[in-house]
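Trainee: Structure provided below as structure tokens; questions to follow.
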Amino acid sequence: MTLIAYKYRLKPNQSQQVQFSEHFGHNRFVYNWALALKQRYYRRFAKTVSKRRIQDQLVKKKKQTRFLWLKNVNSQSLLFTLLQLDLAFGRFFKQQTQFPRFKSKYTSKRTFSCPQHVAVDFEENGVKLPKIGWVKAVLHREFEGKIKTTTVKQLPSGKYEVSILVDTLDVLPVKAVIEEDKTIGVDLGVKIFAYCSDHTVISNPKFLNKSLERLGAEQRILARKKKGGKQRATQVNRVARQHEKIKNQRKEFLHQITAMLAVKSHATSFVIEDLNVKSMLTTKQLSRLIADTGMGLFRSLLSYKCERSGKNLLIIDRYFPSSKTCSCCQHVKTELTLSDRVYTCNHCQLEIDRDYNAAINIKNEGLKLELAGTVRTVKCSSNAKPIQVGALAKGYIAKYIRSVEAPTRTVLTV
């Protein structure tokens with residue numbers, strides 16, 4: 001079983017937009033009601049309420065005269081909201097997230113899910129949703145398989161999207177063979193987005209920095225608008241569209257870079273570091289630049305694309321000193337600073353680019369841990385379907401990638 005999510009743009013009419021708003025609001029109400037119920041029950045009895053009991057309470061609540069309006073939306077979307085709350089508590093008790101919080105009408109995500117009774121018509125470009133009917137959509141690519149869960153979301157810019165989770169019924173691929181000469185170490189950074197051990201350099205486009213002037217102008221206009229007015233609402237939408245443009249630029253760049261590595265590259269294995277991005281964002285001087293690179297999204301995209309393309313992704317420990325270790329003699333230079341862009345080994349006098357040295361160390365460490373069986377690996381076979389990269393991706397990537405000659409090594413014999 002292979003689950004793949006397909007995202008499409010929705011174009012609902014005026015009445016369907018009203019129905020979407022009802023679904024967003026009703027699901028938010030049920031989530032907050034269930035969360036308050038669980039908190040009250042725990043304070044009174046020091047026990048938790050099961051999801052089944054809350055579902056029974058919801059069925060009784062919908063029969064009351066005051067809450068008959070809950071029947072206007074898909075009932076299964078409300079039950080799915082209770083499931084999401086239960087999963088949120090599960091992640092909290094596993095210390096993965098914070099305690100679940102109440103959803104706000106103005107700041108929370110506007111979304112609802114339909115686990116069943118969804119149909120897609122690629123010829124007519126429509127998606128059928130329960131209680132809503134056929135909604136016009138931009139179905140730019142087709143899929144085959146069984147629809148599992150459908151999630152409708154409204155973006156801050158006012159646009160609507162639908163994400164369809166599909167079970168393609170494909171057989172899971174078998175383990176691929178890891179070869180040293182077909183393995184590439186990837187060192188992620190801020191000034192240079194990625195430096196690979198095969199001398200491939202991927203520059204950082206810095207989409208946010210290029211749009212800061214326009215974004216700042218729009219935000220200053222927003223600050224002068226009176227709260228509650230129509231002009232303020234229009235300006236809020238303009239600022240949201242500017243943020244959405246930056247997000248789409250970054251996502252497109254990461255998709256094309258990961259497709260280039262996982263599909264078009266000669267390598268069959270990639271090694272990256274397990275970076276703690278949340279901790280890195282606490283650095284005031286570099287937090288905005290780090291957030292603009294999208295390192296976490298890069299890892300997620302590269303992971304699933306390697307999975308489908310028959311290639312391996314090896315993850316090494318985040319505390320491995322890849323930048324401070326000499327790739328020639330393995331000497332660790334503890335006094336290395338961020339301003340040192342050229343690594344000079346105090347032991348063997350090796351002079352090499354800092355990022356290229358780190359990429360070599362990442363590759364060697366990944367291969368060493370793989371042989372020892374202590375590295376986290378995402379593997380698949382070469383029988384997996386490759387991801388197709390269009391002509392647009394080829395031209396776009398060329399602006400940011402360049403190949404460099406291997407730096408010369410100067411070694412003094414003692």
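The values are calculated or read from the model by the stated rules, or taken from the named source; none is laboratory data. Note that this is a predicted model, so its numbers are computed, not measured. Every residue, glycine among them, receives a Cβ derived from its backbone with ideal geometry; neighbour counts consider all protein chains shown.
Trainee: Which one of these is in a helix (DSSP H, G or I), at pLDDT below 85 and either farther than 26 Å from VAL171 by Cα or assigned by TED's automatic domain parsing to the domain that holds CYS196 (or both): LEU367, LEU371?
Mentor: Going through LEU367, LEU371 in turn, just one is in a helix (DSSP H, G or I), at pLDDT below 85 and either farther than 26 Å from VAL171 by Cα or assigned by TED's automatic domain parsing to the domain that holds CYS196 (or both): LEU371.
Trainee: Which condition number in (1) surrounded by 13 or more Cβ atoms within 10 Å (Cβ to Cβ); (2) within 30 Å of GLU142 (Cβ to Cβ); (3) modelled with pLDDT under 95 is the one that PHE20 fails?
Mentor: Going through (1) surrounded by 13 or more Cβ atoms within 10 Å (Cβ to Cβ); (2) within 30 Å of GLU142 (Cβ to Cβ); (3) modelled with pLDDT under 95 one by one, PHE20 breaks only (3).
Trainee: Of everything in the range 134-176, what is of a type in the set (Gly, Ala, Ser) and more than 14 Å from THR2 (Cα to Cα)? Give them in sequence order.
Mentor: Listed by number, the residues that qualify are ALA137, SER157, GLY158, SER163, ALA176.
Trainee: Give just the number: which of (1) out of contact with any Gly (no Cβ under 6 Å at 6 or more places or on another chain); (2) in the same structural domain as ARG341 (by TED's automatic domain parsing) does ALA217 not satisfy?
Mentor: Of (1) out of contact with any Gly (no Cβ under 6 Å at 6 or more places or on another chain); (2) in the same structural domain as ARG341 (by TED's automatic domain parsing), only one is false for ALA217: (2).
Trainee: While we're looking at this one, here's another question. Condition first: modelled with pLDDT of 90 or more and either crowded, with 21+ Cβ neighbours inside 10 Å or among the basic types (Lys, Arg) (or both). Now tell me which residues in the range 261-276 satisfy that.
Mentor: Applying the first criterion (modelled with pLDDT of 90 or more) to the range 261-276 yields 261, 269-274.
Across the range 261-276, the qualifying residues are LEU261, SER269, PHE270, VAL271, ILE272, GLU273.
Trainee: Which condition breaks for SER279 when tested against (1) part of a helix (DSSP H, G or I); (2) in contact with a strand residue (DSSP E or B) (Cβ under 7 Å, 6 or more places away or on another chain)?
Mentor: Result: SER279 passes all but (2).
Trainee: Take the range 326-352 and flag every residue that is in contact with a Pro (Cβ under 7 Å, 6 or more places away or on another chain) and surrounded by fewer than 19 Cβ atoms within 10 Å (Cβ to Cβ). I'd like the intermediate steps shown before the answer.
Mentor: Taking the range 326-352 and keeping what is in contact with a Pro (Cβ under 7 Å, 6 or more places away or on another chain), we get 332, 352.
Passing the criteria: only VAL332.
Trainee: OK, next. Would you tally the residues in the range 277-296 being surrounded by 13 or more Cβ atoms within 10 Å (Cβ to Cβ), at pLDDT below 90 and closer than 27 Å to LEU369 by Cα?
Mentor: Total satisfying the criteria: 2.
Trainee: Sticking with this structure for a sec: Looking at the range 91-169, what strands (runs of 3 or more DSSP E) fall wholly within it and have at least 2 residues that are within 25 Å of LEU70 (Cα to Cα)?
Mentor: Correct list: 110-114, 126-129, 133-138, 146-154, 160-167.
Trainee: Any residue in the range 310-325 that is in a helix (DSSP H, G or I) and surrounded by 15 or more Cβ atoms within 10 Å (Cβ to Cβ)?
Mentor: Within the range 310-325, none of the residues are in a helix (DSSP H, G or I) and surrounded by 15 or more Cβ atoms within 10 Å (Cβ to Cβ).
Trainee: Given the criteria modelled with pLDDT under 95 and either outside the structural domain of PHE122 (by TED's automatic domain parsing) or in a helix (DSSP H, G or I) (or both), does ARG52 qualify?
Mentor: Details: modelled with pLDDT under 95: yes; either outside the structural domain of PHE122 (by TED's automatic domain parsing) or in a helix (DSSP H, G or I) (or both): yes.
Against the criterion (modelled with pLDDT under 95 and either outside the structural domain of PHE122 (by TED's automatic domain parsing) or in a helix (DSSP H, G or I) (or both)), ARG52 qualifies.
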